[in-house]
1. Mind listing whichever residues of the stretch 18-31 are over 17 Å from F75 (Cα atoms) and surrounded by fewer than 13 Cβ atoms within 10 Å (Cβ to Cβ)?
2. Would you check if A34 is among the aliphatic types (A, V, I, L, M) and surrounded by 14 or more Cβ atoms within 10 Å (Cβ to Cβ)?
3. Among what's in the stretch 70-80 and is of a type outside the set (A, V, I, L, M, F, W, C) and surrounded by fewer than 14 Cβ atoms within 10 Å (Cβ to Cβ), pick the residue that is nearest to T36 (Cα to Cα).
4. Please determine whether any residue of the stretch 50-62 is of a type in the set (S, T, N, Q) and at pLDDT below 80.
5. Would you check if Y79 is hydroxyl-bearing (S, T, Y) and in contact (Cβ under 8 Å) with a residue 60 or more places away in the chain?
6. Kindly indicate whether any position in the stretch 41-55 is crowded, with 18+ Cβ neighbours inside 10 Å, under 17 Å from V96 (Cα atoms) and touching a helix residue (DSSP H, G or I) at 6+ places or on another chain (Cβ under 8 Å).
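The values are calculated or read from the model by the stated rules, or taken from the named source; none is laboratory data. The model shown is predicted, which means the values in this text are computed figures rather than measured ones. All Cβ positions, even for glycine, are placed from backbone atoms using ideal geometry, and neighbour counts span all protein chains on display.
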Amino acid sequence: MAIKINLESTVIPVEIGDLKFGIDINDDQYEAIAKTYDSFIDEMESLSKAETVDVSLIKEKQRDVYKELLGEGAFEAIYAKSSSVATTSSILIALVAYVEQELVRRLDGEGLLKASKKTAVKQKVTKKK
(Lines give C-alpha, C1' and ligand atoms only; values in the text may rest on other atoms or scores of the structure.)
Protein backbone atom coordinates (compact mmCIF):
# COMPACT_ATOMS: atom_id res chain seq x y z
CA MET A 1 0.00 0.00 0.00
CA ALA A 2 1.32 3.44 -0.92
CA ILE A 3 1.39 6.44 1.36
CA LYS A 4 0.11 9.73 0.00
CA ILE A 5 1.58 12.89 1.48
CA ASN A 6 0.26 16.26 0.40
CA LEU A 7 2.65 19.16 0.13
CA GLU A 8 1.65 22.32 1.95
CA SER A 9 2.15 25.49 -0.05
CA THR A 10 4.95 27.76 1.11
CA VAL A 11 2.76 30.77 0.32
CA ILE A 12 0.75 32.18 3.23
CA PRO A 13 -2.32 34.14 2.09
CA VAL A 14 -2.58 37.58 3.70
CA GLU A 15 -5.43 40.07 3.70
CA ILE A 16 -4.88 43.64 4.82
CA GLY A 17 -8.19 45.46 4.63
CA ASP A 18 -9.50 44.60 1.18
CA LEU A 19 -5.99 44.00 -0.23
CA LYS A 20 -4.84 40.43 -0.82
CA PHE A 21 -1.23 39.26 -0.85
CA GLY A 22 0.81 36.15 -0.31
CA ILE A 23 4.00 35.68 1.69
CA ASP A 24 6.27 32.96 0.34
CA ILE A 25 8.12 31.37 3.25
CA ASN A 26 10.37 28.97 1.42
CA ASP A 27 13.77 28.70 3.12
CA ASP A 28 15.57 31.21 0.90
CA GLN A 29 12.74 33.73 1.04
CA TYR A 30 12.44 33.43 4.83
CA GLU A 31 16.16 34.16 5.22
CA ALA A 32 15.81 37.22 2.96
CA ILE A 33 12.78 38.44 4.94
CA ALA A 34 14.60 37.98 8.25
CA LYS A 35 17.70 39.81 7.02
CA THR A 36 15.70 42.72 5.60
CA TYR A 37 13.53 43.00 8.71
CA ASP A 38 16.52 42.87 11.08
CA SER A 39 18.18 45.63 9.09
CA PHE A 40 14.94 47.63 9.24
CA ILE A 41 14.73 47.27 13.04
CA ASP A 42 18.37 48.38 13.43
CA GLU A 43 17.74 51.44 11.27
CA MET A 44 14.54 52.31 13.13
CA GLU A 45 16.39 52.11 16.44
CA SER A 46 19.02 54.52 15.17
CA LEU A 47 16.31 56.83 13.81
CA SER A 48 14.59 56.85 17.19
CA LYS A 49 17.67 58.57 18.61
CA ALA A 50 17.42 61.40 16.08
CA GLU A 51 16.03 64.75 17.15
CA THR A 52 13.49 64.86 14.33
CA VAL A 53 11.42 62.16 12.67
CA ASP A 54 12.17 61.68 8.98
CA VAL A 55 8.90 60.20 7.70
CA SER A 56 10.19 59.86 4.14
CA LEU A 57 13.14 57.78 5.38
CA ILE A 58 10.82 55.57 7.45
CA LYS A 59 8.61 55.06 4.39
CA GLU A 60 11.64 54.14 2.30
CA LYS A 61 12.82 51.56 4.85
CA GLN A 62 9.32 50.12 5.30
CA ARG A 63 8.97 49.88 1.51
CA ASP A 64 12.01 47.58 1.41
CA VAL A 65 10.57 45.19 3.99
CA TYR A 66 7.10 45.19 2.46
CA LYS A 67 8.63 44.45 -0.94
CA GLU A 68 10.48 41.46 0.52
CA LEU A 69 7.38 40.22 2.35
CA LEU A 70 4.51 40.95 -0.02
CA GLY A 71 6.05 41.99 -3.32
CA GLU A 72 6.58 45.11 -5.39
CA GLY A 73 4.00 47.86 -4.78
CA ALA A 74 2.65 46.38 -1.55
CA PHE A 75 3.80 49.28 0.62
CA GLU A 76 2.26 51.84 -1.73
CA ALA A 77 -1.08 49.99 -1.78
CA ILE A 78 -1.21 49.68 2.01
CA TYR A 79 0.01 53.22 2.65
CA ALA A 80 -2.62 54.57 0.24
CA LYS A 81 -5.28 53.00 2.48
CA SER A 82 -3.79 54.15 5.80
CA SER A 83 -1.74 57.32 5.10
CA SER A 84 0.24 56.62 8.26
CA VAL A 85 3.72 55.19 8.82
CA ALA A 86 2.59 54.29 12.33
CA THR A 87 -0.16 52.09 10.88
CA THR A 88 2.11 50.55 8.23
CA SER A 89 4.66 49.89 10.95
CA SER A 90 2.08 48.09 13.12
CA ILE A 91 1.00 45.99 10.17
CA LEU A 92 4.61 45.16 9.36
CA ILE A 93 5.33 44.01 12.92
CA ALA A 94 2.17 41.86 12.89
CA LEU A 95 3.14 40.30 9.55
CA VAL A 96 6.64 39.37 10.67
CA ALA A 97 5.33 37.94 13.95
CA TYR A 98 2.79 35.88 12.02
CA VAL A 99 5.44 34.53 9.63
CA GLU A 100 7.53 33.41 12.62
CA GLN A 101 4.49 31.78 14.27
CA GLU A 102 3.57 30.02 11.04
CA LEU A 103 7.06 28.60 10.64
CA VAL A 104 7.00 27.30 14.21
CA ARG A 105 3.54 25.83 13.60
CA ARG A 106 4.73 24.10 10.47
CA LEU A 107 7.79 22.68 12.17
CA ASP A 108 6.37 21.92 15.60
CA GLY A 109 2.66 21.69 14.93
CA GLU A 110 3.05 19.30 12.05
CA GLY A 111 4.91 16.89 14.25
CA LEU A 112 8.51 17.33 13.12
CA LEU A 113 9.75 18.59 16.45
CA LYS A 114 7.14 16.68 18.45
CA ALA A 115 8.12 13.42 16.79
CA SER A 116 11.77 13.90 17.69
CA LYS A 117 10.81 14.79 21.28
CA LYS A 118 8.54 11.73 21.55
CA THR A 119 11.32 9.51 20.25
CA ALA A 120 13.74 10.94 22.82
CA VAL A 121 11.22 10.45 25.63
CA LYS A 122 10.44 6.92 24.44
CA GLN A 123 14.16 6.08 24.43
CA LYS A 124 14.55 7.37 28.00
CA VAL A 125 11.54 5.33 29.19
CA THR A 126 12.84 2.23 27.42
CA LYS A 127 16.29 2.64 29.05
CA LYS A 128 14.73 2.86 32.54
CA LYS A 129 12.98 -0.51 32.14
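1. Step one: filter the stretch 18-31 for residues over 17 Å from F75 (Cα atoms), giving 25-31.
Hits for the stretch 18-31 are N26, D27, D28, E31.
2. On the way: among the aliphatic types (A, V, I, L, M): yes; surrounded by 14 or more Cβ atoms within 10 Å (Cβ to Cβ): yes.
Yes.
3. Filtering the stretch 70-80 down to residues of a type outside the set (A, V, I, L, M, F, W, C) leaves 71-73, 76, 79.
Next, only the ones that are surrounded by fewer than 14 Cβ atoms within 10 Å (Cβ to Cβ) stay: 72-73, 76.
Working: E72: 14, G73: 16, E76: 18 Å.
Checking each candidate, the answer is E72.
4. So the first thing to find is which residues in the stretch 50-62 are of a type in the set (S, T, N, Q), and the list is 52, 56, 62.
With at pLDDT below 80 added as a condition, the list becomes none.
No; the residues of the stretch 50-62 include none that is of a type in the set (S, T, N, Q) and at pLDDT below 80.
5. On the way: hydroxyl-bearing (S, T, Y): yes; in contact (Cβ under 8 Å) with a residue 60 or more places away in the chain: no.
So Y79 does not fit the description; no.
6. Going through the stretch 41-55, the residues crowded, with 18+ Cβ neighbours inside 10 Å turn out to be none.
Checking the stretch 41-55: not a single residue is crowded, with 18+ Cβ neighbours inside 10 Å, under 17 Å from V96 (Cα atoms) and touching a helix residue (DSSP H, G or I) at 6+ places or on another chain (Cβ under 8 Å).
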